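Peer 1: Let me give you the structure first, and then I'll get to my questions.
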Amino acid sequence: MTKLEIQQARLNEIVYRNSFEPTAVVLEGRDTAGKSGTIRELTHYLPVDKFSVNLSAKPNAETMANWLGYWGTKMPNNNQIVFYDRSWYSRAMVQKINGWCTDQQYKDFMDDVVLWEKNTGVRIIKFWLSISEDEQAARIAERRTSPLKFWKLSPNDERALSYYDEMTLLKEKVMTTTEGWNTIDFNCKSEGRLELITRLCDILEKSS
C-alpha cells in the first residue's frame, strides 16, 4: 500500500467502526488549489452512507440574502461527515473579492459566523489549501491547454492572479476572526493530500 492508501484505510476504519458527532470538513483555497481532487481522494473508499459532498455552486438571490440560514440546511446528520468544496466562507473570500456580495453582507457574515458555528451543534474541521502565486500561475496555464482539465478553466481562474495579494489579506482576516484552521502546503498536491488526510485522521481519532 502507498502512504496515501494507508491513511485512506485509516480514515475508512475510523468512519466505519466509530460513532461520531456530525462533522463538517471544510476545504477552502484559491482557484486551482486542489479542493475537488482532494475530496475525491478523501472519500474514495468511504462507506457511501457515512458521507456526502457539498459542491460549490452559484447561489441564487434568496440564498445570498439568507446566507448562513442556507448553510444551516447543509449541515451533516449524526454519524455523518459532509465534505465542503468551498463553504459559507465563500462570502468572506470569493464573493468579497469579486464584488458578488455587498459590504454590509460581508460585515454581517464576519460579525455572525463564529456564534453561528457554535450554535450548529456540528464539529467543524477547516482546511486551507495553500499554494504560491507561481504555482497558481502554472496550474492556470495547464488548464488552458490540457485536454483533461480545460473544462475547469473559468473566467474566475483567469482573474485569480490579478488579486492574489488581496485574497491573501481576506484569508488572513478570516483566520484571525475565526478558529480552527489547518493550513496545508499544496504546492505539491500529492504531499498536500497525504498531510491533509493524516491530519484529519488525527483529529477524528482524538474525539472518537
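Peer 1: Amide H of S52 versus every other amide H placed in the peptide plane: which residues, excluding those fewer than 5 positions away on the same chain, fall under 5 Å?
Peer 2: Amide H neighbours of S52, under 5 Å, 5+ apart: I81, V82, F83.
Peer 1: Nothing charged except the Cβ atoms of Lys and Arg (+1) and of Asp and Glu (-1): what's the magnitude of the dipole of the range 83-126 about its Cα centre? Round to the nearest 20 debye.
Peer 2: 180 debye
Peer 1: Determine the sum of side-chain charges near L55: Lys and Arg each +1, Asp and Glu each -1, restricted to other residues whose C-beta is under 12 angstrom from that of L55.
Peer 2: +4
Peer 1: Hey, another quick one. Within 9 Å, Cβ to Cβ, of D185, how many net charges do the neighbouring residues add up to if Lys/Arg are +1 and Asp/Glu are -1?
Peer 2: Here the charged neighbours net out to -2.
Peer 1: Something else about it: Just to verify a number: FRET efficiency for E13 and R199, C-beta to C-beta distance, R0 = 22 Å, to 0.05?
Peer 2: E between E13 and R199, to the nearest 0.05, is 0.85.
Peer 1: Quick one, could you list the DSSP H helices from the chain stretching 18 Å or more along their long axis (Cα atoms) with average Kyte-Doolittle hydropathy of -0.5 or above?
Peer 2: Within the chain the helices that satisfy the rule are 164-177, 189-207.
Peer 1: Roughly how big is the chain's charge dipole about its Cα centre, with Cβ charges of +1 (Lys, Arg) and -1 (Asp, Glu), in debye to the nearest 20?
Peer 2: 460 debye
Peer 1: Treat each spin label as a single point 7 Å out from the Cα along the C-beta direction, and report the M75 to E62 distance in nm.
Peer 2: With each label placed 7 Å out from Cα toward Cβ, I get 2.1 nm.
Peer 1: Per the Kirkwood definition applied to all pairs of different Cα atoms, how many angstroms is the hydrodynamic radius of the range 108-208?
Peer 2: Radius from the Kirkwood sum: 16.0 Å.
Peer 1: Taking a 29 Å limit on the Cα-Cα distance, which of the listed pairs K35/K74; K152/K206; K149/K173; K3/K96 fall beyond it?
Peer 2: As for pairs spanning more than 29 Å Cα to Cα, those are K152/K206; K149/K173; K3/K96.
Peer 1: On the protein heavy atoms, probe 1.4 angstrom, tell me the percent of accessible surface of the chain carried by carbon and sulfur.
Peer 2: 50 percent
Peer 1: Run the 1.4 Å probe and let me know the accessible area of K173, rounded to the nearest 10 Å².
Peer 2: 100 Å²
Peer 1: Using bins 10 angstrom wide from zero, how does P(r) for the range 1-110 break down, in % of all Cα pairs?
Peer 2: Going out from 0 Å in 10 Å bins, the range 1-110 shows 13, 40, 30, 15, 3, 0 percent.
Peer 1: Determine the per residue accessible area of the chain with all protein chains present and a 1.4 angstrom probe, expressed in square angstrom.
Peer 2: Ligands and nucleic acids excluded, the result is 52 Å² per residue.
Peer 1: What whole-number distance in Å separates the alpha-carbon centres of the range 78-126 and the range 149-174?
Peer 2: 18 Å
Peer 1: Now a separate question. Stokes-Einstein diffusion coefficient for the range 122-162 at 25 °C in a medium of 0.890 mPa s, Rh from the Kirkwood formula over Cα pairs: what value in µm²/s?
Peer 2: My calculation gives 209 µm²/s for D.
Peer 1: To the nearest 20 debye, what is the magnitude of the charge dipole of the range 1-56 about its Cα centre, counting +1 on the Cβ of each Lys and Arg and -1 on the Cβ of each Asp and Glu?
Peer 2: The calculated dipole for the range 1-56 is roughly 100 debye.
Peer 1: Same structure again: Mind pulling up the Rg/Rh value for the chain? Radius of gyration and Kirkwood radius, both on Cα.
Peer 2: So for the chain, dividing Rg by the Kirkwood Rh gives 0.95.
Peer 1: Once phi is turned into ³J(HN,Hα) by the Karplus curve 6.51 cos²θ - 1.76 cosθ + 1.60 with θ = phi - 60°, what whole-Hz value does each residue of the range 89-98 show in order, with x for glycine and proline?
Peer 2: Once θ is set to phi - 60°, the couplings for the range 89-98 become 6, 4, 4, 8, 10, 4, 5, 4, 6, 9 Hz.
Peer 1: With each run of n ≥ 4 DSSP H residues scored as -39500 (n - 2.57), what mean residue ellipticity at 222 nm is computed for the chain after dividing by its residue count and rounding to the nearest 500 deg cm²/dmol?
Peer 2: -16000 deg cm²/dmol
Peer 1: Compute the length gained on full extension between K206 and M1: take 0.36 nm times their separation in residues and subtract their Cα-Cα distance, giving the result in nm to one decimal.
Peer 2: 71.4 nm
Peer 1: If you don't mind, another one. Taking every Cα atom in the range 1-58, find the radius of gyration and the maximum pairwise distance Dmax, and write them in Å.
Peer 2: 12.7, 39
Peer 1: Once the Cβ-Cβ distance between T120 and T145 is put in as r, and R0 is 45 Å, what FRET efficiency do you end up with, to the nearest 0.05?
Peer 2: 0.60
The values are calculated or read from the model by the stated rules, or taken from the named source; none is laboratory data. Because the structure is a prediction, the values reported are computed rather than measured. Reconstructed Cβ throughout: ideal geometry from the backbone, glycine too, with neighbour counts over all protein chains shown. Keep in mind that these areas ignore ligands, DNA and RNA; they rest on the heavy atoms of the full protein, side chains included. Shrake-Rupley method; radii C 1.70, N 1.55, O 1.52, S 1.80 Å.
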